[in-house]
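The values are calculated or read from the model by the stated rules, or taken from the named source; none is laboratory data. Owing to the predicted nature of the structure, the values given are computational and were not obtained by experimental measurement. Cβ: placed from backbone, ideal geometry, glycine included. Neighbour counts: every protein chain shown.
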Amino acid sequence: MIHFLLLIVCAVAIYLSCEWFVNAVEWLGRRLNVGKMAVGTILAAFGTALPESVVTLVAVTSGGSEEAKDIGVGAAMGGPLALATVAYGVTGAMLLLKRRKQRVAVLATTGMPPTNPGTYPDDEEALGSAADMRRLAKDQKWFLPIFIVKVALGLVAFAFKPVLGLLFFAAYAVYFWREIRGGDDDEGDEEELEPLKFQPKAASPATWAVVAQTLATLAVIFFASQLFVKQLDAIGPMLGLSASVTALLLSPIATELPEIMNAVIWVRQGKTKLALANISGAMMIQATVPSGLGLLFTSWHFDAALLWSGLITMAAIVYLLLTMRAHRLTPARLAAAAGFYVVFALGLIPILS
């Protein structure tokens, strides 16, 4: 019972910390004078991807056995899978829920559905303009070829393979530079930010307060995420799940919980672009940094389960890319990305049995 209670406490702590984190990171982006999209793809993504990157680093560098190092490799593969499926799926579901609440509100106010189509976004209306879709697709185009190389390297063995880990760090450095130098991709006037939680009465908070709130919330997110994963590891056997199933199915979702919470909060605040940018930015980190560590410190050899996770991740990204390029990415189609995780779970049954 204590494990279930701690699981709930950790989830609440992560959500509340993420509320303070997104508040701080938006002010941090203002202080650093980076574009609003870079706030999601770089600043927020870097912070929320920190827990799983540290897990991979510790596992591959200080693991005393091959099993311990395999945990690091599994984390490097499970993170992108959870983001490409569950995180995008939850974001789509939240957008659907928000749009339907808007319709209910209009109906309750007027007593009839609005005749003006522009009154609220319809379920079939795309998430943003054609330019927005191109911007989102660009991140996926960066991710997909890097991820394909990452999976391919897990199927071969040669002497200088570890050195290729440095190329993954270089790839993220180029992506980072592109995002930071990209400027503000959004049109319109500068958006009014909510007051900083640490200084709620200040119209323009002190830089030290912005940095302090960012670091404090990151610390809470990090430790709460680690405790959350440990509770899942304990609960899995109670539910009749093997350790391998728990590690491949539940742990990745747990480690990506901060990104999911950030997306939920930003969707609730009407900042859909930031929500999607946070996920795509975190995916770029997961495709490069943990992979580089894995290549440097392990044999980076995939079994059937890891290969299956890679194939499902690529299928989910191809699906998203096609809908983005056709300017047909709606909340329902985004929510459907979670179905790929169901396919992954079903495919694990014969692999692990």
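Specify the residue that is surrounded by the fewest Cβ atoms within 10 Å (Cβ to Cβ); the eligible residues are those in the stretch 243-266 that are over 16 Å from residue 313 (Cβ atoms) and more than 14 Å from the chain's Cα centre (by Cα).
Checked the stretch 243-266; the qualifying residue surrounded by the fewest Cβ atoms within 10 Å (Cβ to Cβ) is 243.
Search the stretch 306-331 for residues being more than 18 Å from residue 82 (Cα to Cα) and surrounded by fewer than 15 Cβ atoms within 10 Å (Cβ to Cβ), and hand back the single one that is farthest from the chain's Cα centre (by Cα).
Filtering first and then ranking leaves 326.
Looking only at the stretch 249-268, decide whether some residue is under 30 Å from residue 161 (Cα atoms) and of a type in the set (Val, Ile, Thr).
yes
Just the residues that are in contact with a helix residue (DSSP H, G or I) (Cβ under 7 Å, 6 or more places away or on another chain) and closer than 10 Å to residue 95 by Cα, please, taken from the stretch 269-278.
Passing the criteria: only 272.
In the stretch 87-115, which residue that is modelled with pLDDT of 85 or more and of a type in the set (Val, Ile, Thr) is surrounded by the fewest Cβ atoms within 10 Å (Cβ to Cβ)?
If we take residues in the stretch 87-115 being modelled with pLDDT of 85 or more and of a type in the set (Val, Ile, Thr), then 90 is surrounded by the fewest Cβ atoms within 10 Å (Cβ to Cβ).
Confirm whether residue 275 is in contact (Cβ under 8 Å) with a residue 12 or more places away in the chain, in a helix (DSSP H, G or I) and closer than 30 Å to residue 166 by Cβ.
Criteria not met by residue 275.
Out of (1) crowded, with 24+ Cβ neighbours inside 10 Å; (2) in contact with a Ser or Thr (Cβ under 6 Å, 6 or more places away or on another chain); (3) at pLDDT below 85, what's the single condition that is false for residue 59?
Tallying (1) crowded, with 24+ Cβ neighbours inside 10 Å; (2) in contact with a Ser or Thr (Cβ under 6 Å, 6 or more places away or on another chain); (3) at pLDDT below 85, residue 59 fails exactly one: (2).
Name the residue that is modelled with the lowest pLDDT, counting only residues in the stretch 240-259 that are of a type in the set (Ser, Thr, Tyr) and more than 14 Å from residue 7 (Cα to Cα).
244
State which residue pairs qualify: first residue at pLDDT below 75 and inside the stretch 225-239, second residue outside any helix (DSSP H, G or I) in any location, beta carbons under 9 Å apart, and separation of 6 or more residues or different chains.
236/242
Could you list, in sequence order, all residues of the stretch 157-171 that are within 22 Å of the chain's Cα centre (by Cα) and surrounded by fewer than 14 Cβ atoms within 10 Å (Cβ to Cβ)?
Residue satisfying the conditions is 170 alone.
List every residue pair whose Cβ atoms lie under 7 Å apart, where the two residues are 6 or more positions apart in sequence or sit on different chains, the first residue falls within the stretch 88-117 and is more than 30 Å from residue 253 (Cα to Cα), and the second residue, located anywhere, is surrounded by fewer than 14 Cβ atoms within 10 Å (Cβ to Cβ) and at pLDDT 65 or above.
Sorted first by the residue in the stretch 88-117, then by its partner, the pairs are 113/107.
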